[in-house]
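Since every read-out is calculated from the coordinates, none of them should be taken as a lab result. Keep in mind that what you see is a predicted model, and the values were worked out from it rather than measured. Using ideal geometry, Cβ is built from the backbone for each residue, glycine included, and neighbour counts are taken over all protein chains shown.
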Amino acid sequence: MSLPATMRYVAIREPGPPDVLGIAEGPLPATKAGEVLIEVAYAGVNRPDCLQRSGAYPPPPDASPIVGLEVAGRIAALGEGVVGWQVGDEVCALTPGGGYAGYCATPAGFCLPLPPGLSLREAAGVPENYFTVWYNLFDRLHFAAGESVLIHGGTSGIGLTAIQLAHAHGAVVYTTAGSDEKVAFCRTMGADHAINYRTQDFSTEVWRLTGKRGVDVVLDMVGGDYVDRNLRAMAPEGRLAQIAFLQGSRVEIEMRHVMMKRLTVTGSTLRASPTARKVALANALRERVWPLFAQGKLKIVVAQTFPLAEAAAAHTLMESGRLIGKIILAVR
Ligand SMILES: NC(=O)c1ccc[n+]([C@@H]2O[C@H](COP(=O)([O-])OP(=O)(O)OC[C@H]3O[C@@H](n4cnc5c(N)ncnc54)[C@H](OP(=O)(O)O)[C@@H]3O)[C@@H](O)[C@H]2O)c1
């Protein structure tokens, strides 16, 4: 495969609102030892991309300054020492950054074959959500089949992934969302109980629905006053993973719940996790989750696809909250 001298990518003019994003032309990224170069067909859009654009989430020092944490496309070149992949293979991949571009370099171990039954476009929306949810639900919270789980932000990319994965593992799934339409959609995706947090207090409702027992596991991206309400809604030996703070991270909580119910509070951020952990997650997904795609138990909900040049409109839609599922950028 012959490579062009330059590529199109989305540049951040300066930290700020979506319209600081614009198309630029520049050199292809270098492909280091152990990496592959992917000719990007589609890039997934994630909330952390909006944070990076606004200056609140700078990329790690060794990562591409270009936004974009996941892609799908064809392998265009192999770095030194890469085995198991060939030029021309179709893959989806987690990236250290650099996804909103014609070409993206990423460790070979972050690549996966397309999930069975998914198009390239749908596959671009898989890695960031599935790596994150699998790591938190299964590795950190030790979620076990048949347990109950409360998932906030039910119609987000993360939320829909967690609902489907938990449902496929026999969980009783509780979720929250901000409108009746979103709540109804969550039910169609496997949620047993979906709560409109704007009209009902989710904590009281979960307590009532569980017969005053609470849930075993909580996956939360909201923070703020949700943290204390999560602790109240948890069962003895319950476990909480915090993966973001849409309502702020400085919170007041009643620690007595942690002591009296022997709760565990943890959390993580995928981007800062070591490379070896992400490779292990890719292997776990291939082994444990790709078969669920093959069985038709998991699907990707694409809210809207934008051309790469309209990345600003994609970020505006994400920040409006008026969407269900993933936003995808078409790069070619
Ligand atoms: N730690 C990690 O490794 C990691 C990795 C990826 C993503 N994340 C985080 O996970 C979250 C979801 O990511 P995404 O890309 O799937 O984003 P997204 O699609 O933009 O989802 C955000 C969700 O949060 C809900 N929400 C927003 N503000 C809220 C509020 N004040 N109270 C309650 N719910 C609120 C929104 O729906 P409603 O209409 O229902 O409010 C929406 O479902 C983001 O916060 C992101 O930063 C963390």
Expected sort for SER179, SER249, SER64 with the fewest Cβ neighbours (10 Å cutoff) up front is SER249, SER179, SER64
So, relative contact order of the range 207-332 in percent, Cα under 8 Å, 6 or more apart, is 17 percent
Note to self: C-alpha centroids of the range 192-220 and the range 56-107 sit apart, in Å, by 39 Å
Mean Cβ-within-10 Å packing, highest first, puts peptides 35-47, 202-214 in the order 35-47, 202-214
Here the relative contact order (percent) of the range 130-267, from C-alpha pairs under 8 Å and at least 6 apart, is 21 percent
About its Cα centre, the chain carries a charge dipole, from +1 on Lys and Arg Cβ atoms and -1 on Asp and Glu Cβ atoms, whose size in debye to the nearest 20 is 580 debye
With only helices counted (DSSP H, runs n ≥ 4, each -39500 (n - 2.57)), the per-residue ellipticity at 222 nm for the chain, to the nearest 500, works out to -7000 deg cm²/dmol
The lysines whose Cα lies under 23 Å from the Cα of LYS182, excluding any fewer than 8 residues away in the same chain, are LYS297, LYS299, LYS326
Protection proxy (average C-beta count within 10 Å per residue), highest first, orders 86-97, 299-310 as 86-97, 299-310
For the range 130-267, the dipole about the Cα centre with charges only on Cβ (Lys and Arg +1, Asp and Glu -1), to the nearest 20 debye, works out at 220 debye
Two pseudo-spin positions, 7 Å from Cα along C-beta at TYR57 and at GLU90, lie apart in nanometres by 2.9 nm
Checking rank on 261-274, 119-132, 163-176, 280-293, with mean other Cβ inside 10 Å and highest first, the result is 119-132, 163-176, 280-293, 261-274
